[in-house]
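Have a look at the structure below before the remarks.
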Amino acid sequence: MTPSDGGLALEIVVPVYNEEAVLERSITRLAEYLTNEMPSTWKITIADNASTDRTPVIAARLSGHIPNVEYRRLEVKGRGHALRDAWSASDAKVLAYLDVDLSTDLAALPPLVAPLLSGHSDISIGTRLGQSSRVSRGPKREFISRSYNFLLRRTMQVRFSDAQCGFKAIRAAVAKRLLPHVQDNCWFFDTELLIIAERSGLRIHEIPVDWVDDPDSRVDIKQTAVDDLKGMVRVAGSLLKGVIPVQAIYAELGRRPLAPLSRPSFFGQVLRFGLVGVASTLAFALLYLMMQGLFGSQEANFLALMLTAIGNTTANRRFTFGISGPEKVFTHQFQGLIVFLLAWTLTSSSLVVLHSLHADATPNVELLVLTAANVFATLMRFVLLRLWVFRTQIDRPPARRALLTAGNAAR
């Protein structure tokens with residue numbers, strides 16, 4: 001399928017960084033496949049993001065010898081940077097990208113782009129987690145991938161199954177609208193793009209793929225996981241604050257009724273509360289150590305808890321339980337302070353017990369005891385927030401909410 005204006009139908013971007021070992025073999029194989037199997041007009045763009053080996057030399061040679069292969073050099077490292085740069089400069093109708101190792105069977109390429117070329121869908125992604133997908137990779141990477149996507153679905157309430165598969169395509173008009181709102185320029189780029197697209201009511205098409213793990217992959221799994229978690233928290237906050245204009249994007253491109261953000265599931269609430277709790281505990285420990293030398297142990301504990309309690313209630317209100325807007329915000333803060341007083345009583349009692357047993361306990365021992373007490377207080381806080389502070393907003397049965405609404409309207 002070729003655009004009616006005779007322009008370029010498909011541009012496939014292959015982001016690379018120090019890939020001299022596989023670049024020539026992979027690009028040659030990809031070009032041969034497209035020549036023999038792809039009926040639409042196409043182009044391959046090698047997007048080099050700051051390679052320091054022979055990748056630039058090889059890429060330049062390939063672009064000179066193989067038809068429809070282009071080379072772009074970007075002096076900034078990051079896969080997201082490379083895709084953003086190449087996609088923004090493209091004049092193709094559909095934009096795609098593949099990992100340079102070609103781990104995904106190329107037979108999945110035509111069905112990947114077909115729904116976009118026809119205009120049926122907005123984004124198309126390969127999934128390694130479909131029932132008919134065939135995947136060969138080690139247990140460690142399998143566990144990490146499934147855990148990440150499970151966490152993403154539970155906390156962000158998304159429907160797509162595989163955010164990280166390096167086999168995706170997007171309509172150029174959609175990319176032009178979404179890219180300005182994608183902040184990440186590294187490995188979280190894909191996930192952020194998909195979250196914004198789904199929240200904006202766009203149609204995401206998934207196809208099962210056959211995928212073989214690259215044993216030479218140089219991805220830093222630990223750092224990538226940390227960056228992904230930070231990205232999830234950032235994007236969730238932006239959505240709740242309305243920073244990302246999903247309503248405007250939906251009005252322009254959306255394909256389905258845009259439902260309001262539903263509250264997270266119980267498991268999602270637990271995960272979100274845990275993230276807020278970790279941040280609060282770290283903030284408490286830092287504040288306590290800073291103030292313990294200026295005040296006594298009890299005073300430092302009280303002040304550190306009070307300061308973190310206000311931020312904790314605000315974060316849990318918006319992030320954990322999905323409540324936004326000014327309604328009952330002061331009531332929630334007041335109830336949150338009551339929960340704080342209960343937590344303070346619990347942690348203060350732990351200090352009293354500690355000092356009765358060891359009068360000369362060091363600040364580090366005090367901090368250890370307080371941290372243990374805070375873990376228990378955190379569990380208590382979640383139960384009280386869910387069943388009391390935010391109950392009227394999120395846990396009242398729908399039928400009862402309807403009756404109360406009707407009664408208020410009658411008055």
Worksheet item: For the stretch 276-295, which residues satisfy the criterion of being of a type in the set (A, V, I, L, M) and free of Cβ contacts under 8 Å to residues at least 12 places away in the same chain?
Response: 278, 282, 286, 290, 294
Response to the item:
Going through (1) open to solvent by less than 30 Å² (accessible area, probe 1.4 Å); (2) within 23 Å of the chain's Cα centre (by Cα); (3) touching a residue at least 60 places away in the same chain (Cβ under 8 Å) one by one, residue 117 fails only at (2)
Fill in: Top-ranked residue of the stretch 143-167 - restricted to ones that are part of a helix (DSSP H, G or I) and among the aliphatic types (A, V, I, L, M), ranked as farthest from residue 222 (Cα to Cα)
156
Item to complete: Please go through the stretch 147-184 and pick out each residue that is open to solvent by less than 10 Å² (accessible area, probe 1.4 Å), among the polar types (S, T, N, Q) and in contact with a Ser or Thr (Cβ under 7 Å, 6 or more places away or on another chain).
Response: 149
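Which of the residues belonging to the stretch 13-34 are in contact with a Lys or Arg (Cβ under 7 Å, 6 or more places away or on another chain) and either of a type in the set (S, T, N, Q) or open to solvent by less than 50 Å² (accessible area, probe 1.4 Å) (or both)?
Within the stretch 13-34, 15 is the sole residue that qualifies.
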Worksheet item: What number of residues within the stretch 32-73 satisfy the criterion of being charged (D, E, K, R) and in a loop (DSSP other than H, G, I, E, B)?
Response: 2
Discussion item. What's the number of the only condition in (1) of a type outside the set (Lys, Arg); (2) assigned to a loop (DSSP other than H, G, I, E, B); (3) open to solvent by less than 10 Å² (accessible area, probe 1.4 Å); (4) within 30 Å of residue 183 (Cα to Cα) that residue 8 fails to meet?
Written reply: (3)
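Kindly establish whether residue 199 is under 25 Å from residue 322 (Cβ atoms), open to solvent by 60 Å² or more (accessible area, probe 1.4 Å) and not acidic (Asp, Glu).
For residue 199, the condition - under 25 Å from residue 322 (Cβ atoms), open to solvent by 60 Å² or more (accessible area, probe 1.4 Å) and not acidic (Asp, Glu) - is not met.
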Worksheet item: Yes or no: residue 292 of a type outside the set (Lys, Arg), touching a Pro at 6+ places or on another chain (Cβ under 6 Å) and modelled with pLDDT under 80?
Response: yes
Practice prompt. Can you give me the ranges of the helices (runs of 4 or more DSSP H) entirely in the stretch 224-332 with at least 1 residues that are closer than 30 Å to residue 359 by Cα?
Written response: 266-292, 297-315
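For residues in the stretch 115-127 being of a type in the set (Ser, Thr, Tyr) and in a strand (DSSP E or B), which is modelled with the lowest pLDDT?
Across the stretch 115-127, the extreme among qualifying residues is 127.
When you scan the stretch 216-226, do you find a residue that is modelled with pLDDT of 90 or more, open to solvent by 40 Å² or more (accessible area, probe 1.4 Å) and not aliphatic (A, V, I, L, M), even just one?
Initial filter on the stretch 216-226 (modelled with pLDDT of 90 or more): none.
So far as the stretch 216-226 goes, no, none of its residues is modelled with pLDDT of 90 or more, open to solvent by 40 Å² or more (accessible area, probe 1.4 Å) and not aliphatic (A, V, I, L, M).
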Worksheet entry | Residue tally, condition within 18 Å of residue 289 (Cβ to Cβ), of a type in the set (Val, Ile, Thr) and open to solvent by 50 Å² or more (accessible area, probe 1.4 Å), over the stretch 329-366 | 2
Response to the item:
When every residue in the stretch 131-146 that is closer than 15 Å to residue 214 by Cα and within 21 Å of the chain's Cα centre (by Cα) is compared, the one least open to solvent (accessible area, probe 1.4 Å) is 145
Item to complete: Just name the residue that is farthest from residue 25 (Cα to Cα) out of those in the stretch 85-114 that are open to solvent by 10 Å² or more (accessible area, probe 1.4 Å), part of a helix (DSSP H, G or I) and touching a Leu at 6+ places or on another chain (Cβ under 9 Å).
Response: 88
Worksheet item: Here is a list of conditions, (1) assigned to a loop (DSSP other than H, G, I, E, B); (2) free of Cβ contacts under 8 Å to residues at least 12 places away in the same chain, and residue 18 meets all of them except one; can you say which number that is?
Response: (2)
Fill in: Residues (small (Gly, Ala, Ser) and within 16 Å of residue 96 (Cβ to Cβ)) located in the stretch 120-162
121, 124, 126
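The values are calculated or read from the model by the stated rules, or taken from the named source; none is laboratory data. These numbers come from a predicted model, not from an experiment. When we count neighbours, we look across all protein chains shown, and the Cβ atoms used for this are built from the backbone with ideal geometry, even at glycine. Keep in mind that these areas ignore ligands, DNA and RNA; they rest on the heavy atoms of the full protein, side chains included. Shrake-Rupley method; radii C 1.70, N 1.55, O 1.52, S 1.80 Å.
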